[in-house]
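Working notes for the structure below.
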Amino acid sequence: MYITDRVVKSGKGIQKSLTVRSYPEQIFPGWLQGLSRLPGVYNRISLHFRPAKFQWNWQMRAKMRRLEASIAAAQGTVEGVKPYEARALQGLKYLQQQTDWNEAELYDMNMAVTAWGAGEDEALDSSRALEKYLSRLKLKTDERILAQLDAFALSGLLGIVPAYSGKSRLLDGEAAGCFYPFLEGSLSEECETGVYVGNRVSNNSLTFLDLISGSGAKNFLVIGKTGEGKSTWQKGFSVSLQGAGMKIFVIDVDREYIPLARKLGGIIVDTQNSKFPDPSRISAEIGDRDEDGARLKNTESNVFWAIDLLAKGMDHLEKNACDTALSALWLETGIIRENQNTWDLPHGGIRRWYNLLENDDTETAPGAVSLRAKVRIFFRGSQQGLFTEPGEETDLYDNDYIVFDISGAVNNTEDAHTSSIKLAMTFATVWDMVRRERARGKVYTAIFFDEGQRALPVDSISDFVLRIATTARKFNSMAVLATNNSAILWGDKTGGSQGGEGLWNNTHYKVFFYMEESEIKQIADHGAVPETVTASIRRLQGTYSYVLKTPGGYDRLKMQLPDEELALYRTRGLKGSAD
């Protein structure tokens, strides 16, 4: 058997497989019967159904309320209601009825069509005739080499059914009965054009941004006076990105995102009380050869980095002692560096590493004595419990909305060394998840920073923002930072930060809410924002609208959100007022 970008050759002849990537809006029972009646064309239709990962939860209801609010606002205007919004709302209401009231099952469907021939020319002729007929049915196909592999797997010729292949279509049981794809596009707010960022003020039309395509940086910078809508916009944008399938990390200095994370079923990592992932934990395989082959080496590097951080540095003898204890941990567990099959064996973790360090009676014992003295507080003293224990489950890598509460470290409620450790551990954990998601190639990620004016003066945070701002695009990620003090963005020129300057210089998308004259002067003098834009910013006070800068120019927008979302996002109020 061999596979090219044109055909697949096997013992059964030559096949050309096509994945279906787009469906017509309306079909009828029996609509595919004509495929089997094409003269001189031999083909096979492959359909695969799986239970859909869909829940009618708060987030889905929020999407419906957003659409309802947009449609209500558009009624009576010159432009009128957008047809795709009306169709999306109709589809969501149908889903609500089917799932909430009728308890219907939902399915994801994949479809592939395979043309056959005795030789390559015959197979390609059949394929062209098949594509022409599929086009009449308004079925769009994909014949790129990766799609060809997907389609070949879907066709069942390998005798297996792939767990996922191509672009799936969401169906209920009734629709699946006649292969009726009742929604055009997806159930996210993309509407096939991007992620929702607000409504255009001039005509109330919804505005979407494509944050996936292209190679440029997708970072966002949000600037404006306190109380003008920055935090609400940032939280709403995080929900839009999560709804579009991205994995969200929030670096929270004020505990503002905790209610939202709980509402979305996310995870809150309280750095004052929560435990960080054990650095000696060897990560599970993800199906990437290079990443999987480097798992043990990465773990050993993580251990050395973490112990060096706890010890405020290690000398040569202490590094040798650290390595001796780590090698002893692998030896007693049966982990062999040259044998990947042993890497998943359970071991005693970083606490067991410390026990072995205490018992070191080898030639590295002098280094072990001094290293124990440096890190004992974290294993036997008042700071123990920094890391998870073996058997303590963590689903950080499986959740798609994770908030890291670093308020204690930023607000100086802990000693400086402990604060610096917890910040470093937070950023290492986030970056490890970003890197692994890039290797898995399944989802994009976004890292949110709130209260940039308080976060960026902390050197470790500034360094992390700089790293994300300049390298995130290579790792399928992006940074979103909000601040009410633009001086923090210009580096030494204004007493700012390297992280802020790096983010300004590597951000294609800037969101300007109303700001005072001193701030307007900053963005005009140091950020080269033109006078026509600053004049518009001056008129934004109290409107909660903003000027959005994109690679294509400037626009004035306002994020339209339902009352329930607004109550959840607000930063001021008594306990229980947002319930």
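Counting only residues that are assigned to a loop (DSSP other than H, G, I, E, B) and among the small types (G, A, S), which one in region 271-324 is modelled with the lowest pLDDT?
Per the criteria, the residue is S274.
Which members of region 427-478 meet the condition of being at positive phi, out of contact with any strand residue (DSSP E or B) (no Cβ under 9 Å at 6 or more places or on another chain) and at pLDDT 90 or above? Walk me through how you get there before you give the answer.
Applying the first criterion (at positive phi) to region 427-478 yields 441, 451, 476.
Restricting the remaining residues to those that are out of contact with any strand residue (DSSP E or B) (no Cβ under 9 Å at 6 or more places or on another chain) gives 441.
Once the filter is applied, which keeps residues that are at positive phi, out of contact with any strand residue (DSSP E or B) (no Cβ under 9 Å at 6 or more places or on another chain) and at pLDDT 90 or above, region 427-478 yields nothing.
Let's see how each residue does on (1) among the polar types (S, T, N, Q); (2) out of contact with any Gly (no Cβ under 9 Å at 6 or more places or on another chain); (3) over 26 Å from D252 (Cα atoms):
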| site | (1), (2), (3) |
| --- | --- |
| D360 | no, no, yes |
| R380 | no, yes, yes |
| G385 | no, yes, no |
| E389 | no, no, no |
| F404 | no, yes, no |
| S419 | yes, no, no |
| F427 | no, yes, no |
| V430 | no, yes, no |
| E437 | no, yes, no |
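For region 428-458, what are the residues that are assigned to a helix (DSSP H, G or I) and either among the charged types (D, E, K, R) or free of Cβ contacts under 8 Å to residues at least 40 places away in the same chain (or both)?
The answer is W431, D432, R435, R436, E437, R438, R440, Q453, R454.
Among (1) out of contact with any Pro (no Cβ under 7 Å at 6 or more places or on another chain); (2) at pLDDT 80 or above; (3) assigned to a helix (DSSP H, G or I), there is one condition Q96 misses while meeting the rest; what is its number?
Of the numbered conditions (1) out of contact with any Pro (no Cβ under 7 Å at 6 or more places or on another chain); (2) at pLDDT 80 or above; (3) assigned to a helix (DSSP H, G or I), the odd one out for Q96 is (2).
Anything in region 523-533 that is over 32 Å from the mean Cα position of the chain (by Cα) and either among the β-branched types (V, I, T) or closer than 15 Å to G496 by Cα (or both)? List them, or say none.
Correct list: D525, T532.
Hey, L264 hits all of (1) under 28 Å from H417 (Cα atoms); (2) surrounded by 20 or more Cβ atoms within 10 Å (Cβ to Cβ); (3) at pLDDT 85 or above but one; which does it fall short on?
Every listed condition holds for L264 apart from (1).
Do the conditions hold for F404, that is, is it over 22 Å from G266 (Cβ atoms), at pLDDT 90 or above and surrounded by 13 or more Cβ atoms within 10 Å (Cβ to Cβ)?
no
Which residue out of Q75, Q33 is modelled with pLDDT of 70 or more and surrounded by fewer than 16 Cβ atoms within 10 Å (Cβ to Cβ)?
On the way: Q33 fails: modelled with pLDDT of 70 or more.
Result: Q75 is the single residue among Q75, Q33 that is modelled with pLDDT of 70 or more and surrounded by fewer than 16 Cβ atoms within 10 Å (Cβ to Cβ).
Quick one: which of V303, V269 is in contact (Cβ under 8 Å) with a residue 24 or more places away in the chain and in the same structural domain as F404 (by TED's automatic domain parsing)?
V269
May I ask you to verify whether D492 is modelled with pLDDT of 85 or more and acidic (D, E)?
no
Could you identify the single residue in D415, D463 that is farther than 26 Å from L211 by Cβ and assigned by TED's automatic domain parsing to the domain that holds L241? Write out each step before concluding.
Details: D463 fails: farther than 26 Å from L211 by Cβ.
After applying the criteria, what remains is D415.
Tally up the residues in region 215-246 that are in contact with a helix residue (DSSP H, G or I) (Cβ under 6 Å, 6 or more places away or on another chain) and among the basic types (K, R), please.
Total meeting the criteria: 1.
The values are calculated or read from the model by the stated rules, or taken from the named source; none is laboratory data. Predicted model, so just to flag it, every value in this text is computed and none were measured. Cβ coordinates were reconstructed from backbone atoms using ideal geometry, including for glycine residues, and neighbour counts include every protein chain displayed.
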